[in-house]
Amino acid sequence: MHPRPLSIENPEHYRYVSLVPDGDIIEILSQQKTNTITLLSSVSEESASKAYAPGKWTLKEVIGHLTDSERVMSYRILAIARNESEPLPAMDQDQYVSAANFNKLSWVQLIAGLETVRTNTLSLISTIDDEAWVRNGTVMNRPVSLGTIAYGIAGHELHHMKVISEKYL
């Protein structure tokens, strides 16, 4: 079992980590996958193509963002676990969403992508030993622990699923 990080390196990370309940992060991420895929599978292609307000992302874009963000955060976990000494780059979420053209993809394809990325994240995290779990790397010129990133993945999804439930569904 990988413990919750004892300290959170900056407020941006705390915002998401604080949303995650206590427990085994692998179990939390696995249960999230089941719950999220089940919920999203009931949404129609038409509904997924809509934004809840002008200037907001469509539901397809939100799910594409979740998937891309988890890909980036999983890479950061891998890099830190493998003792990467170089700082890891930032991710401009709006640039990524704009460049991806998620609205041209099918809803089924986007859900499958999210499910696959989570499966891969779980596989990676299950290989992390206790020594690497507390290792720090540098992201956006700030130190961050591998554990904080892992809990951040769960919290980021919790944040967006709350928005989805309240504003899209």
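The values are calculated or read from the model by the stated rules, or taken from the named source; none is laboratory data. The structure presented is a predicted model; accordingly, all values stated were derived computationally and were not measured. Note that each Cβ is placed from the backbone with ideal geometry, even for glycine, and that neighbours are counted across all protein chains shown. To get the accessible areas, we keep the full protein, side chains included, count just its heavy atoms, and leave off ligands, DNA and RNA. Shrake-Rupley method; radii C 1.70, N 1.55, O 1.52, S 1.80 Å.
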Checked against a 18 Å limit on the C-alpha separation, the offending pairs among 50/167; 33/104; 60/162; 56/162; 60/167 are 33/104
Checked the chain against the a/c 1.5 cut and the a/b vs b/c comparison, axes a ≥ b ≥ c from its Cα gyration tensor; verdict prolate
Regression test value, accessible area per residue of region 50-155, probe 1.4 Å, units Å², expected 49
Here the relative contact order (percent) of the chain, from C-alpha pairs under 8 Å and at least 6 apart, is 40
Of the accessible area of region 57-169, computed with a 1.4 Å probe and all protein chains kept, carbon and sulfur make up a percent value of 50
In the neighbourhood of residue 82 defined by beta carbon distances under 14 Å, the net charge of the other residues (Lys, Arg +1; Asp, Glu -1) is -2
In degrees rounded to 10, the 0-90 angle between helix 59-81 Cα long axis and the longest Cα principal axis of the chain is 10
Per its Cα gyration tensor (rounded if a/c is under 1.5, else prolate when a/b beats b/c, else oblate), region 110-169 is best filed as oblate
Answer in debye to the nearest 20: the dipole magnitude of region 23-169 about its Cα centre, from +1 Lys/Arg and -1 Asp/Glu charges placed on Cβ, is 340
Per its Cα gyration tensor (rounded if a/c is under 1.5, else prolate when a/b beats b/c, else oblate), region 19-94 is best filed as oblate
